[in-house]
Structure formats: C-alpha cells, structure tokens
Amino acid sequence: SEVEVLVLGTVEVRGNARQFTRAWAKELVVYLAMHPDGVSNDTWATALWPDRLMAASSLHSTASVARRSLGQARDGGEHLPKGHGRLVLAPTVGTDWDRFVQLANSEHHDHWRAAMKLVRGRPFDGLRASDWTILEGLSAAIEASVVDVATRLASRCLAARDPAGAEWAARRGLLVSP
C-alpha cells in the first residue's frame, strides 16, 4: 500500500500527501479503509454523525479535504477517487489490520510474531466517533483475532521453551484486550 491506515492502536494515516486539516476527514478515511467495497454517502455520514443530519455541502467538503490529504497515487490516480453518492478508497490504500489478518492466517509462527508487532494498543483509539466500530462488530472481531494469535504464539513459545517469548505475546494481546 502507498497509504496505510493504522487502526491497531491510536489511529494514524501514513503515506498521505498532506496533514488532515479537518479531523472528520481523517475519520472518513478510517471508516472507508474498514469498508473496502465502499459505502454510500448516507452510510458514512450516519456512521460519523449518528445524531445529526449533515448538509450535503458538509459531506462534500469533508470528502474533498480527505481526498486532498491523501493525495495522488504513483500512477496519477486519486487515493480517494471522486464518487457520485458513493465513496471507495483506491487499492493503493491499505490497513495494518489487513496485514495482521494476512500474517495471522499463516502457519508460520514467525508471521504470528510479525502480526503481533503491528499491535500498538486498543483498536481505533483516538477516533472521535467510534460507535460504528462497536456497532458493526469490528472492535470485537479485531480483539478476538489478536487474542487468538497472541494465544497461539504464546503456546508455540512455551512448547519451544521460550517463556520470554510467551510473555511478550501475552502482553501484546493484553494491549488490545486487558
């Protein structure tokens, strides 16, 4: 990925062209990153502002700021292409969660360790509007997956007589699910 959205701890966006001048634009990018097939404007607006009906101009402005902040891909296309009532990030934008899943699905315990190194804290920490992560089951799914990998890695370390490695794996899991 040219741009990576980090959600396995405090939310960050790496590889973007400019700083986000509007907090809600960054929140939009996080939301879209967790919905790789894209979403309608109504859907993302409801997720970010569940108690308010936002004006179309506000939605357009938020998407425009997000687009400018992400910038262009190496091939000249936008990381957040313009959409008509629906937004989807380009394949040039990925997440640390995507990498975690790929590594966790491996049979190699070295990949499990690499997956656990991606974990920096509670998923989606720092989002202004985090209800959608709970309501959509994303937080619970991430927590369960991280704990599963931490447990597998710790068990593997114990079997290899590596108690320090087992402790490290357990502590990484505790970062997500104390």
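The values are calculated or read from the model by the stated rules, or taken from the named source; none is laboratory data. On a predicted model such as this, the values are computed, not experimentally measured, just so you know. Cβ atoms come from the backbone with ideal geometry, glycine included; neighbour counts cover every protein chain shown. Note: accessible area is taken over every heavy atom of the protein model, side chains too, but ligands, DNA and RNA are not part of it. Shrake-Rupley method; radii C 1.70, N 1.55, O 1.52, S 1.80 Å.
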For the chain, the per residue accessible area (1.4 Å probe, Å²) is 54
Please check: in the Gaussian network model of the chain (C-alpha springs, under 10 Å), which one of D148, D51, D42 has the largest mean-square fluctuation. D51
For the chain, what does -39500 (n - 2.57) per DSSP helix run (n ≥ 4), summed and divided by total residues, give at 222 nm, in deg cm²/dmol to the nearest 500? -16000 deg cm²/dmol
3J(HN,Hα) from dihedral phi, the range 115-124, Karplus parametrisation 6.51/-1.76/1.60, rounded to Hz, x for glycine, proline: 4, 5, 5, 6, 6, 10, x, 5, x, 6
Can you work out the Karplus-derived ³J(HN,Hα) for every residue in the range 66-82? Use 6.51 cos²θ - 1.76 cosθ + 1.60 with θ = phi - 60°, whole Hz, and x for glycine or proline. 4, 4, 5, 5, 5, x, 9, 7, 4, 7, x, x, 7, 5, 10, x, 5
GNM of the chain, Cα pairs under 10 angstrom: of R122, R86, R68, the biggest fluctuation goes to R86
When the label point is put 7 Å from the Cα of V101 along its Cα-to-beta-carbon vector, which residues of the range 136-178 have a backbone N closer than 14 Å? 137-146
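In what sequence, largest accessible area first, do T21, T43, T133, T92 appear using a 1.4 Å probe?
Values: T21 120, T43 60, T133 5, T92 25 Å².
Largest accessible area first, the list is T21, T43, T92, T133.
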Which net charge results when you count Lys and Arg as +1 and Asp and Glu as -1 among the other residues whose beta-carbon is under 12 Å from that of E2? -1
From the phi angles alone, apply the Karplus equation (6.51, -1.76, 1.60; θ = phi - 60°) to the range 18-24 and give each ³J(HN,Hα) in whole Hz, x where the residue is Gly or Pro. 9, 5, 7, 8, 9, 4, 5
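Against the empirical 2.2 N^0.38 Å scaling, what ratio does the C-alpha Rg of the range 67-159 come to?
On the way: Rg = 16.7 Å, N = 93, 2.2 N^0.38 = 12.3 Å.
Normalised Rg, Cα atoms only: 1.35.
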